[in-house]
Amino acid sequence: MLELSDVEVRFGGLKALDGLSLEVGVGEIVSLIGPNGAGKSTAFNVITRIVHPQAGRVRFDDIDLLELPPHAIAGLGIGRTYQGLELFGSMTVGETLIVGYEAVERCGLLSGAIRSTRCTALTESAHRAAREVARRLDLDGLWEQPVTALPYGVQKRVDIGRALVGRPRLLLLDEPAAGLTHSDLDELGDAISRIRSDLDVSVLLVEHHMPLVMSISDRVYVLDAGRLIADGSPEEVRSNQRVIEAYLGVPVGEEHA
Ligand SMILES: Nc1ncnc2c1ncn2[C@@H]1O[C@H](COP(=O)(O)OP(=O)(O)OP(=O)(O)O)[C@@H](O)[C@H]1O
Ligand SMILES: [Mg+2]
């Protein structure tokens, strides 16, 4: 489904990605891990066309993503959350989810007089899609609540919901567990697994929380300073010597224990 080949990104003298190759297959949960500054978010920015690589190829299905502008990415079926929260303070849960529906915001910019039947249909579809996602993520009871009034863990779930409303086939999650409590973490792992199976979404997950990564991933790629140092099943990666060294000698999965 997604294939990065030999992707290179330089910021001035810094090589943020130095020949990254990775694949995500249909229905897979694949994780990309590595120490701070390894290049994980940069890889997401390459896929969503925020950062243009100096070299390499990025394909989604049979489409060359590097030929496309950033605004075309969501329409292809790629949804994304950002590291930290990118929620709009004054909006309710319902409004936040609806905005996630591709192109619906363009209708809101039109005056009533030229509001086309196409826009009315689009708005109705957006409502339906948002309600459906709210139900799946246990957010329907919170529809009218301002997002910022909710506990952090719930806000993160709204953020994932927003990325899902456009019905992506590939979901990119950048550190969804950051700042969550233990019980939130279990819920998040369950939610990601359910999303994959119920909505037929493949997931590429960037995450520092190793118990979560190891429990839900089919495969794991490990980046260090822009270079891939290992990939394989969670078990293979956990016992890989280079991975253990990159994590300062702490066996992977025990640093949060
Ligand atoms: N737009 C940019 N301009 C200059 N340097 C950048 C830019 N974006 C990222 N970098 C640098 O590229 C490197 C990789 O950054 P990136 O954000 O991809 O790391 P990361 O693996 O996501 O780290 P973290 O786990 O802390 O989120 C870092 O050294 C970072 O400072
Ligand atoms: Mg990052």
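The one condition from (1) of a type outside the set (Ser, Thr, Tyr); (2) closer than 25 Å to Arg167 by Cβ; (3) open to solvent by 10 Å² or more (accessible area, probe 1.4 Å) that Val206 does not meet is (3). The single condition among (1) away from ligand 2 (no atom under 16 Å from the Cβ); (2) more than 29 Å from Leu139 (Cα to Cα); (3) in contact (Cβ under 8 Å) with a residue 40 or more places away in the chain that Leu66 does not satisfy is (3).
Taking segment 15-39 as the range and being at positive phi and more than 14 Å from ligand 2 (Cβ to nearest atom) as the test, the residues that pass are Gly19, Gly27.
Based on what the data block shows, is Glu23 in contact with a Leu (Cβ under 7 Å, 6 or more places away or on another chain), surrounded by fewer than 20 Cβ atoms within 10 Å (Cβ to Cβ) and either in the same structural domain as Ser197 (by TED's automatic domain parsing) or not hydrophobic (A, V, I, L, M, F, W, C) (or both)? When the stated conditions are applied, Glu23 passes them.
Could you check segment 129-225 for strands (runs of 3 or more DSSP E) lying wholly inside it with 1 or more residues that are closer than 28 Å to Leu76 by Cβ, touching a residue at least 24 places away in the same chain (Cβ under 8 Å) and among the charged types (D, E, K, R)? It would help to see each step written out before you state the result.
Details: elements: 170-174, 202-206, 219-224.
Per the criteria, 170-174, 219-224.
Do we have Arg80 as among the basic types (Lys, Arg) and open to solvent by 50 Å² or more (accessible area, probe 1.4 Å) here? Considered against the rule, which asks whether it is among the basic types (Lys, Arg) and open to solvent by 50 Å² or more (accessible area, probe 1.4 Å), Arg80 comes out as no. For segment 24-62, name all the residues that are in contact (Cβ under 8 Å) with a residue 24 or more places away in the chain, out of contact with any helix residue (DSSP H, G or I) (no Cβ under 9 Å at 6 or more places or on another chain) and charged (D, E, K, R). The one that is in contact (Cβ under 8 Å) with a residue 24 or more places away in the chain, out of contact with any helix residue (DSSP H, G or I) (no Cβ under 9 Å at 6 or more places or on another chain) and charged (D, E, K, R): Lys40. Residue by residue through segment 17-47, note down the ones that are under 20 Å from Arg169 (Cβ atoms) and more than 13 Å from ligand 1 (Cβ to nearest atom). Residues satisfying the conditions are Leu22, Glu23, Val24, Gly25, Val26, Gly27, Glu28, Ile29, Val30.
Can you name the residue in segment 48-64 that is exposed (fewer than 15 other Cβ atoms within 10 Å of the Cβ) and β-branched (Val, Ile, Thr) and, of all such residues, is farthest from Leu14 (Cα to Cα)?
From segment 48-64, those exposed (fewer than 15 other Cβ atoms within 10 Å of the Cβ) are 50, 52, 54-55, 57, 61-64; that's our starting set.
Adding the requirement that they be β-branched (Val, Ile, Thr) leaves 50, 63.
Numbers: Ile50: 18, Ile63: 29 Å.
Among those residues, the one meeting the criterion is Ile63.
Arg242 satisfies every condition listed in (1) open to solvent by 60 Å² or more (accessible area, probe 1.4 Å); (2) in a loop (DSSP other than H, G, I, E, B); (3) under 16 Å from Pro35 (Cβ atoms) except (2). Say whether the condition of being within 13 Å of ligand 1 (Cβ to nearest atom), crowded, with 19+ Cβ neighbours inside 10 Å and part of a loop (DSSP other than H, G, I, E, B) is met by at least one residue in segment 84-103. Within segment 84-103 (the criterion being within 13 Å of ligand 1 (Cβ to nearest atom), crowded, with 19+ Cβ neighbours inside 10 Å and part of a loop (DSSP other than H, G, I, E, B)), the answer is no, since none of the residues qualifies. Does any residue of segment 35-46 turn out to be open to solvent by 30 Å² or more (accessible area, probe 1.4 Å), assigned by TED's automatic domain parsing to the domain that holds Leu173 and touching a Leu at 6+ places or on another chain (Cβ under 8 Å)? Looking through segment 35-46, none of the residues is open to solvent by 30 Å² or more (accessible area, probe 1.4 Å), assigned by TED's automatic domain parsing to the domain that holds Leu173 and touching a Leu at 6+ places or on another chain (Cβ under 8 Å).
The values are calculated or read from the model by the stated rules, or taken from the named source; none is laboratory data. These numbers were taken from a predicted model, which means no experiment stands behind them. All Cβ positions, even for glycine, are placed from backbone atoms using ideal geometry, and neighbour counts span all protein chains on display. Calculation scope for accessible area: heavy atoms of the full protein, side chains included, ligands and nucleic acids excluded. Shrake-Rupley method; radii C 1.70, N 1.55, O 1.52, S 1.80 Å.
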